[in-house]
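The values are calculated or read from the model by the stated rules, or taken from the named source; none is laboratory data. Everything numeric here is computed off the predicted structure, so don't read it as measured data. Glycine gets a Cβ as well: all are built from the backbone with ideal geometry, and neighbour counts include every protein chain shown.
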Amino acid sequence: MIPAQFDYLAPKTLDEAIALLAQHADDAKILAGGHSLIPAMKLRLAMPQILIDIGRIQNLSYINEDGGQIRIGAMTTHYQLESSTTLKQICPLLPETAAQIGDVQVRNKGTIGGSLAHSDPAADWPAAIIALRAELVATSTKGDRVIKCDDFFVDLLTTALEPGEILREIRIALPSGRTGQAYMKVAQPASGFAVAGVAVTITRDQQGRCQSAGVGVTGVASKAYRAVGVENALIGGPLDAQSISKAASTVTDGIAINGDLYASEQYRHHLAQVYARRAIEAAAQRAQ
Amino acid sequence: MAKYVGQRVKRTEDPRLITGLGHYVDDIKLPDTLYVAFLRSMYAHAKIKSIDVSEASHAPGVVAVYTGADIGSKVGPVPCAGALPGLKVPDYRVLATDHVVFAGQPVAAVVATDRYAARDAIDLIMVDYEELPAVVDVEQAAKGGPLVYEEYGDNIAYRLTSGEGDIEAALKASDKVIKQKIVHQRLIPIAMEPRGVLARYYPGEQELTIWSSTQIPHLLRTQLAIMLGVPENKVRVIAPEVGGGFGSKLNVYAEEALVGWISMQHGKPAKWIETRRENMQATIHGRGQIGYIEIGCKNDGTITGLRYNVFADMGAYLQLLTPAIPTLTGLMLSGCYKIAAIQMNVTAVFTNKMSTDAYRGAGRPEATQVIERAMDLVAAELGKDVVEVRRKNFPASTEFPFKTATGLFYDSGNYELALDKALGMADYKSMREAQKKARDQGRLVGIGVSTYVEICAIGPSQATPAGGWESATVRIEPTGKVTILTGASPHGQGQETSFAQLAADELGVDLNDVTVIHGDTSIVQYGIGTFGSRGTAVGGTAVFNAIQKLKEKATQLAAHLLGVEAAAVSFKEGRFSVEAAMAATVANSGGSKSEPRTSISIQEVALAAHVAHKIPPGFEPGLSATNFFEPSNFTFPFGTHIVQVEIDKETGEIQFQRYVAVDDCGKVLNPMLVDGQVHGGIVQSIGQALYEEAVYDEQGQLLTGTLMDYALPKATMIPWLELDRTETPSPVNPMGVKGIGEAGTIGATPAIVNAVVDALSPLGVRHLDMPMKPENIWRIINKVN
Amino acid sequence: MKIEGTQELRAARTRVYQALVDPEVLKRCIPGCESLERTGEASYSTTLRAGVGSIKGVFSGSVKLEDMRPPDHYRIVVDGKGQPGFLKGSGDLDLEDRDGGGTVVKYSGDIQVGGTIAGVGQRMLQGAARMMASQFFTAIEAEALAESNEPPPKHGFFRTTLRWLSGWFRRAFNG
C-alpha cells in the first residue's frame, strides 16, 4: 500500500494540463478525485511516472443550465451533484445516482469526470449517462471533441478518450415533457459498486403512453451499456405492469454477463431483470 | 447512589482520539528511524530454491536485506502457548527458510532509510520458488490431501475428545436424534489500526524498547525476550493507543521479534507499519470450523445429549492460542441448557492458509451457533415454538452454580428473566401473529431467538496457558491525584474511564483527578492483558482490591494524624472523620491550644504520607497499594437476542425489521460502555451472519484480499438496536461484574441465522450456513441449482 | 477460474491451425506477448508485458503447446510470474469447419492467478479473461486471413492487453 515513485504536476489551467499531457504522453496519468487511481497506485498495480493533478484548475467544477442543456464540469464531485437543488428540479436522475455512489468520503472527493474516464464496469455514473443520452466533451491540444455516450464506453475500463485527451464536460439535454427518471441498484456490500444497476428515463406522450425511453445498465457486463431492446419494447407501450415486466426481461439480451464471488452470471442476470423492472416502474410512476 | 459507578460517564479517552491527538505506533517518530518492509510469499505452498537479494541490497536507501538464512537461529521461533496432548507444533521461523506454507508468509525483510525505499526494494528481490500442491479444504486436509508438512505424515495437528456423560446411551435413549452439518466460516478480524511495531535499541544500555499495537504488552515482553535472547528486564514493551484488536493482537508475531532484532543489528530505531493487504493476509484469522451436530431429545423437548464432531482449521502454523480455540468451543457446547451428556471430537488440521486464532468470541461463537441452531432444529423437528424448547431446558436460577457436562460451573444466572424481558420488549406474541399474517400474504418474514451464555473474565490461572490473574497498583500522589496502573491493556474498551469511575467513587475524588496508566511494561507491574472479556471482571477487580488496601493504609495514617485509633475513623466522600462519639472525647480532652481536628481529606493524608514528617511507627511512607487478583472461576454472562427479518422473495436480499437484545453482564460500571460493546459485538455478528468470509481459492490464494471484496458491515447496514439488561451479579468477584466484550458476537449470530431460517421454513428450510448471501437464498426460494 | 467459449473465425481451418501453432504468430497474438523464445519441441520462454500508461506489470514464464493433432486440436499451457503476482493457464482448443466456410474454435480452459492480482482482481477475472480470449482469436483470424507474403498485421496488442490488465487491476477502485 505504498506507491512507487512519481512526479506530481499541478497545472493551473486546462491548456497547461493538455500541454503537459501531450508532452508526457504515456508516462502520465490524469489525477481527478483519485478514488480509483490512488488505491491502484498504492497496490503498485498502477505505477505512472507522472501525475497531472487537474484538481487545481479553476472552472472545471460546475453545474450550469444553458440553452436547453445541462453542462457539468468534469471535476464536479459526486456530492455536488447529489446535493444540487437545481438538478433535483431539472434532472433528478443525477442526484439520485450520485447519492448511491460509494460512501460519504468517496462522494466528497470522487468526481463525475474521473469516474467516467476510468469507466469501471460497475460504476454508477455510466448507467445514468447512457440513460440520459449525454454527450462527453474531450479536449486536447487539437481542441474539443464531442463524444456521444454510446461511443464513449468501449470495453473493460476502456473509453473512447484518445491519449492526450482530457474529459472536461458532460452535456445533457434538458429533460422536458412528462418525464420520470430513476436509478436503482444492488450494491456489493464490500465495495458499494453496482452488482446490477439500472438507470431509466421515461417520457410519456399525451395519452400517457411511453414516448421515449432511456435505459442504461451497469455492473452486469464488462462495460456499461444501453439496453436497446428494453427501450424499444417500452416505446409506444402503455407502461403497465405487464409491458414493463416484459420489456425488463430483455435487459441482458445479447450481453456477456460477468460473474464473481458475490454474484454468479445467473444471479446477476436475474438481478438485472428485477432492477430494470423496478427502475422502469419507478420512472414511469414519476412521469406524470 | 454512587456518583460515577453505574452512570453513563462519557469516555475520557475520546476527546484526544476523535480530534486526532492520540498516539498510535505510527504517530511515534524517532530520529534516524529505519523502515522495514517484508517480501511475502505469493504462493500458498512452495519450496524456496534460492533467493537473490543482490539487486535489492544495492538499491537506493537500502541499509540491509535479510532472509531466513541470515536469521538462522538468531531469533527464536514464533511461540505457541497450546499444551494439548499429542499436539504437533511446526517450527515457525520469523522468516521462511526453504519452505513457505501460506500466501503472505514473510520471506525476506528489507531495511531502508524510508518506507518507500524499503517497499521499492521488495520488488528487486528474486525468489525462485518450486510450487507445491496446496491443501485448503479442511476436510480434505483431514483425510490426507497434499501435506503441509511432509515430516508429519498427515495434516492432523491434534485430536481431542472432551465432555462428560454417556453420549451413546443418551442418544440411544432419545425419541429423536437430529443431525446437521454446520460451517463456521473463516473471518478476518480487521482492527481499524493494523499492526505496527517500532523498536529502539540502545547499544550502550543494551535496552530494547518495543512499541507494538498489542493487547498483551507484558506477555509479549516475556516472549520477545525469549525469542531475541535479551534479558526480560532489558526489554520494555509499550502498547500506545491501540486501534482495536478483537483478539488479533492477542498474539506474538514474527514481525514484532524481527523488527526488534533489526533495531539491535543497526543500533537505530526500526519501524514497520502493516498495510491493509498484509493485515488481511498475515494477521490471524478467526473461526474456521466445519462440524457435525447430533442432538438427541425427548418428544417433550428435553435435550438428552449433544455430540459435535468438528474439523478445526488451524492454518499452516500455530500462533499463540491457535490450538486452544476449539477447546473453548467444547467448554461452551451446553449453552444455557441442562444437557446430561455432551461430547466433542476435535480434529484439528493444518492447511496452507494463515493461522486461525482468537477472534472476538474465540471458539464460543462457534459453540453458541451449534447449540442455538440445534435448539431450533429440535423445535422444528418437534413442531414446538423455539422459545418453549429453550425454556424447557433452562436450569432454574436457584440451581447455580450450575455444573455442565463440559466440566464447567456457571457462576450465576437467571436465564428466564432475560428471556422474558426480551420477549416483552419484542412483544413476541404479536410478532408471531404478525408473522402469520405476513406468511398468509406470501411474504417471507422470520423471527430468530438466541438465548446464549458465554464464558468470560478469563480466567483462573489453572485454566489458562500463562496466568489468568490481573494486577493493579493504585496510588495517591503528593498533590492528591490518583494514579491507577493496570496490568490490563485496554485498546478501545474504555477502561481509562470505568476504572477512573471506580476509583473516584471509592476514594471520593473527582473523576478528572484519576489517571489510568496501562500498556507500558516499565511503568506498570506485570499484567496479563485485555482479552476474553476480562478487563473489568479481572483487571477491574484488581483495581478494586488495590483501592481497598490503599484505603486501609490511608485510614491508619488518618487516624494517627487525627490522634485516634484506626477503628475510630470512618471514611466517606473523600474525608476521614473521627466517629461522632470519639470526636466529642477528642474535643473535651483539652490541654491543646489549637482546636483538635475531627476530619482530614484524603489529599491531606496523601501529602502527609509522602512528606512523612508525622507517620506512625512502622508505617511505610507513600500511599500506594498493589493487588494481583486471581479469580476463583470464570464468569458467565448471558442474555436473549430476538431478531425479525424479511426476505425479498425476488432477490433473496435480507432486511432487518427488529433487533432486540437483553444482556446480563452482572453489575455494570458504565452502561454506555456496555451498550457500546454490545453494539459492536452485534455488528460483527451481522458481519459473520450476512457478509464476511475469508475465501481462499484451491491453490491457497486469498481472494477476499481487500476491503473491496471482504464485506464488513457499514453503519447503513445496521438496524436500530433495542437494548436492555438484567443484572445478575457474579459471586466470583467483589463487584459482581461479569464482562461484556464478546457477548454481542456470541449471542447475536445465531439469532440472525435463526431468523432467516425461520423466514424460509415454509419452504422446508431447516438450516443455512453463513454468510447467508442473497444469491444462496434466491436459489433456495426459486429452487435454482 | 474456468473459462470456455466458442469463436467463429472467417479463415479456413488449416490456416487457423497453422496460425495457432506458429510461434511467430503466437508472439503477435498472445495478448501482451513481448518475446517468445523456443526452448524445446513446442515449448517457449516468454515475456508478457501487462500494462498501459499507468500500469507496468511484466510476467516472465513459459508457453507450451501439447497434444497437437492438426488441424483439430491442441492444448496451450501458459505460466508466468512477476511483481504483481503470477498467472497460469491451460486451454484446450478444438477446431471444426464452420457451415458455409470458416472455422469454429471451441476453447475451454482454466486460469489461475496469484499474488496481488488474485487478492484484488477477483471480480474482474471473468471479464478480463473473456476480453483476452476475444483479442487472441480476433488476432488469429486476422493472421490466418492474411496472405502469407504480406507483412503480419498489427494488432496493437500491447495496448489492448495492457488495457485489459489495467482494467482488471483498477476495477476494484471506483473514481
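Of the set (1) away from chain C (no Cβ under 11 Å); (2) farther than 19 Å from residue A:194 by Cα; (3) assigned to a loop (DSSP other than H, G, I, E, B), all apply to residue A:65 but (3).
Among the strands (runs of 3 or more DSSP E) confined to the range B:1-86, the ones with at least 1 residues that are in contact with a helix residue (DSSP H, G or I) (Cβ under 6 Å, 6 or more places away or on another chain) and crowded, with 20+ Cβ neighbours inside 10 Å are located at B:34-40, B:62-67.
State whether the residues of the range A:139-157 include one that is modelled with pLDDT under 95 and charged (D, E, K, R). Yes, there is a match, as at least one residue in the range A:139-157 is modelled with pLDDT under 95 and charged (D, E, K, R).
Remark: residue A:283 falls outside the filter, which requires a residue to be crowded, with 24+ Cβ neighbours inside 10 Å, aliphatic (A, V, I, L, M) and out of contact with any Gly (no Cβ under 6 Å at 6 or more places or on another chain). Across the range B:666-710, the qualifying residues are those that are acidic (Asp, Glu) and in contact with a helix residue (DSSP H, G or I) (Cβ under 8 Å, 6 or more places away or on another chain), and the one among them that is surrounded by the fewest Cβ atoms within 10 Å (Cβ to Cβ) is B:697.
Only one of these conditions is not met by residue A:25: (1) farther than 26 Å from residue A:87 by Cβ; (2) free of Cβ contacts under 8 Å to residues at least 60 places away in the same chain; (3) more than 8 Å from chain C (Cβ to nearest Cβ). Which number is it? All conditions are met except number (2). Scanning the range B:704-725 for residues that are assigned to a loop (DSSP other than H, G, I, E, B) and either within 14 Å of chain C (Cβ to nearest Cβ) or β-branched (Val, Ile, Thr) (or both) yields B:704, B:705, B:706, B:707, B:708, B:709, B:710, B:711, B:718.
Would you check which residues across the range C:114-125 are more than 7 Å from chain B (Cβ to nearest Cβ) and outside any helix (DSSP H, G or I) and list them? C:121 - this is the single residue of the range C:114-125 that is more than 7 Å from chain B (Cβ to nearest Cβ) and outside any helix (DSSP H, G or I). Among the residues of the range A:64-71, is there at least one that is in contact with a Phe, Trp or Tyr (Cβ under 7 Å, 6 or more places away or on another chain), of a type in the set (S, T, N, Q) and at pLDDT 95 or above? Scanning the range A:64-71 turns up no residue that is in contact with a Phe, Trp or Tyr (Cβ under 7 Å, 6 or more places away or on another chain), of a type in the set (S, T, N, Q) and at pLDDT 95 or above.
Annotation: of all residues in the range A:1-16 being surrounded by 15 or more Cβ atoms within 10 Å (Cβ to Cβ) and touching a Ser or Thr at 6+ places or on another chain (Cβ under 9 Å), the one that is farthest from residue A:51 (Cα to Cα) is A:1.
For residues that are surrounded by fewer than 24 Cβ atoms within 10 Å (Cβ to Cβ) and in a helix (DSSP H, G or I), scanning just the range A:96-129, find the one that is farthest from the other protein chains (Cβ to nearest Cβ). Among those residues, the one meeting the criterion is A:96.
Filtering C:110, C:22 for residues that are more than 14 Å from chain B (Cβ to nearest Cβ) and surrounded by fewer than 16 Cβ atoms within 10 Å (Cβ to Cβ) leaves a single hit, C:22.
Restrict the check to the range B:134-142 and report whether at least one residue is assigned to a loop (DSSP other than H, G, I, E, B), polar (S, T, N, Q), surrounded by fewer than 19 Cβ atoms within 10 Å (Cβ to Cβ) and out of contact with any helix residue (DSSP H, G or I) (no Cβ under 9 Å at 6 or more places or on another chain).
So far as the range B:134-142 goes, no, none of its residues is assigned to a loop (DSSP other than H, G, I, E, B), polar (S, T, N, Q), surrounded by fewer than 19 Cβ atoms within 10 Å (Cβ to Cβ) and out of contact with any helix residue (DSSP H, G or I) (no Cβ under 9 Å at 6 or more places or on another chain).
With respect to the conditions (1) touching a Ser or Thr at 6+ places or on another chain (Cβ under 9 Å); (2) crowded, with 18+ Cβ neighbours inside 10 Å; (3) over 20 Å from residue B:701 (Cβ atoms); (4) of a type outside the set (A, V, I, L, M), residue B:120 falls short on a single one, namely (1). Among the residues of the range C:58-107, those identified as of a type in the set (Phe, Trp, Tyr) and either within 14 Å of chain B (Cβ to nearest Cβ) or over 23 Å from residue C:46 (Cβ atoms) (or both) are C:59, C:86. Restricting attention to the range A:151-181 and to residues that are in contact with a strand residue (DSSP E or B) (Cβ under 9 Å, 6 or more places away or on another chain) and polar (S, T, N, Q), the residue that is nearest to residue A:287 (Cα to Cα) turns out to be A:179. Against the test of being at the interface with another protein chain (Cβ under 8 Å from one of its Cβ atoms) and at pLDDT 90 or above, the options A:17, A:4 yield a single qualifying residue, A:4. Pairs linking a residue in the range C:72-90 that is within 17 Å of residue C:125 (Cβ to Cβ) to a residue that is surrounded by 22 or more Cβ atoms within 10 Å (Cβ to Cβ) and among the polar types (S, T, N, Q), with Cβ atoms under 6 Å and 6 or more positions apart or on different chains, do not occur. Are any of the residues in the range C:126-137 within 14 Å of chain B (Cβ to nearest Cβ), at pLDDT 75 or above and either farther than 23 Å from residue B:700 by Cβ or not in a loop (DSSP other than H, G, I, E, B) (or both)? Scanning the range C:126-137, I find at least one residue that is within 14 Å of chain B (Cβ to nearest Cβ), at pLDDT 75 or above and either farther than 23 Å from residue B:700 by Cβ or not in a loop (DSSP other than H, G, I, E, B) (or both), so the answer is yes.
Can you find, within the range B:333-363, the residue that is surrounded by the most Cβ atoms within 10 Å (Cβ to Cβ) among those that are assigned to a strand (DSSP E or B) and among the hydroxyl-bearing types (Ser, Thr, Tyr)?
Per the criteria, the residue is B:356.
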